[in-house]
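As structure tokens, the structure follows; a few thoughts come after it.
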Amino acid sequence: MSKELKDRIRKTIREQSHIFSGEKIDENHLRHVIRRIIEELSLKEHFKIEEAVSEKITEELVNEFLGLGPLKALLEDKDITEIMVNGPRKVYIEKDGKKILSEVSFENNQHLMYIIQKILAPTRRHVDEMTPFTDVSLPDGSRVNIIIPPLSLHGPVMTIRKFLKEFGSVEDLAAKDTLSGNMADFLVAAIKAKLNIIFSGATGSGKTTTLNILSSYISPDERIITIEDTAELKLNQEHVVTLEAKCGNIEGRGEITIRNLFRNSLRMRPERIILGEIRSSEALDMLQAMCSGHDGSLAVLHASSPQDAISRIETMILISGVHIPMWAIKKQIASSLNLIVQQEQLVDGSRKITHITEVRGLQNEELVLQDLFSYEIEGVQDGKVKGAWKNHGVVPLFFNRFKKKGVELSEEIFN
């Protein structure tokens, strides 16, 4: 009964175009309209609807027309970090690092597609049978991936990685035990000293959040250019230029890649370049930019360890179409990249920076990596990972750079 009633009310509201004539729909007015329609239908068709059911339908429809319907409560729950919609009936959430099936559901595929279209409406993106997947960001910075039939066999599928507002400083990361105090001090100093840093990790490990937080320590006097597939970085500085890649049309025309944007950014007098993610041949352009004086570049990379991060960069350069011998690639990496910050989500759901690794140079034509800090796992007890932070007692080769840049950092931090 309630589903059929909702469908009829929804249709009646959409027919009353004056409700949507203004730029913003008045919530109280919409609530009043829905209640009036319920009363009119019950009088006209001689049925009685309980007050609790009426309020539930009213609330659901208000959320649907003004927000994102069934997703509203999940998006407002600060403890939820990810929402995974596997078709209309199964909505999973990640809470405290654990994935569980929620009680939320959509009425059918059409209802879910209506919410998807609401998410896409303010953006330049769309989904249909010809382009059945896309990535967008919500106004709060949360990332959304959408894929629909015929690629998805479960109906429309949507994954929302929420932007975590509670993380505003490196102290917040330390409070969550993502890194130690010494590591926090070192990374802040590394940002201020304009070291070139790769943030590496698997999907969902928190590397983009860490980059976003550390970027807040960039001087407000610097001109920052961010380059992303889907704009999600939220920088606090005033002088920021945000560039976003563009997908091609149905014929594949009009595509603007990360590499196109990166090359153009070098003509925009950047003092910092932040790459949302290195995925392909832009790795070569980034290294060349680092070598040519664009210090302080930051980038995200998917890799399972610092060694894998180096291997991935080498592979991306090899398949870039530019014929460069491997020794030259390794030399370029050694002369441009300073640090790899490796982040992981552990088996108990916690997220930790497991390695801060220096790229020390070449030895016998092989890149030398040296951990400065690491997290040593001792075991799992009562479902919780037990471990300790380790300082490796190594002073990085670039330590004098802190003094040259006027950044105070004691050597004792590495003991």
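Just so you know, all these numbers are worked out from the coordinates, no wet-lab data involved. Quantities reported herein were computed from a predicted structural model and do not represent experimental measurements. Note that we place each Cβ from the backbone using ideal geometry, even for glycine, and neighbour counts take in every protein chain shown.
3J(HN,Hα) couplings calculated from phi for the stretch 68-79 with the Karplus curve 6.51 cos²θ - 1.76 cosθ + 1.60 (θ = phi - 60°) are, in sequence order, 10, x, x, 7, 3, 5, 5, 5, 7, 6, 5, 7 Hz; Gly and Pro show x. Considering only alpha-carbon pairs that sit under 8 angstrom and 6 or more positions apart, the relative contact order computed for the stretch 70-161 is 27 percent. Take every pair of alpha-carbon atoms less than 8 Å apart whose residues are at least six positions apart; their mean separation over the length of the stretch 119-181 yields a relative contact order of 21 percent.
In order along the stretch 43-57, the Karplus-derived 3J(HN,Hα) couplings, from 6.51 cos²θ - 1.76 cosθ + 1.60 at θ = phi - 60°, round to 6, 5, 10, 6, 10, 9, 10, 5, 4, 5, 5, 4, 5, 5, 5 Hz, and Gly and Pro are given as x. Legend: distances between Cα atoms for Lys207/Lys405; Lys246/Lys386; Lys11/Lys98; Lys246/Lys405; Lys56/Lys246; Lys118/Lys234; pairs beyond 32 Å are Lys246/Lys386; Lys11/Lys98; Lys246/Lys405; Lys56/Lys246. By other beta-carbon atoms within 10 Å, ranking Phe373, Phe47, Phe133 with the fewest at the front produces Phe47, Phe133, Phe373. Most simply put, the chain has about 70% antiparallel DSSP beta bridges, counting only bridges with both residues inside it. Dividing the convex hull volume of the alpha-carbon atoms in the stretch 170-414 by its residue count gives 139 Å³ per residue. Counting neighbouring Cβ atoms within 10 Å and putting the fewest first, the residues Glu376, Glu314 line up as Glu376, Glu314. Got the relative contact order for the chain handy, in percent, Cα pairs under 8 Å and 6 or more residues apart? The normalised contact order for the chain reaches 11 percent. State log₁₀ I(q)/I(0) for the chain at q = 0.10 Å⁻¹ as given by the Debye formula over alpha-carbon point scatterers of equal weight, solvent excluded. With no solvent term, the Cα-only Debye profile gives -0.79. Residues in the stretch 354-365 carry Karplus couplings, in order, of 8, 8, 10, 10, 8, 8, 8, x, 10, 9, 6, 6 Hz; the curve used is 6.51 cos²θ - 1.76 cosθ + 1.60 with θ = phi - 60°, and Gly or Pro positions show x.
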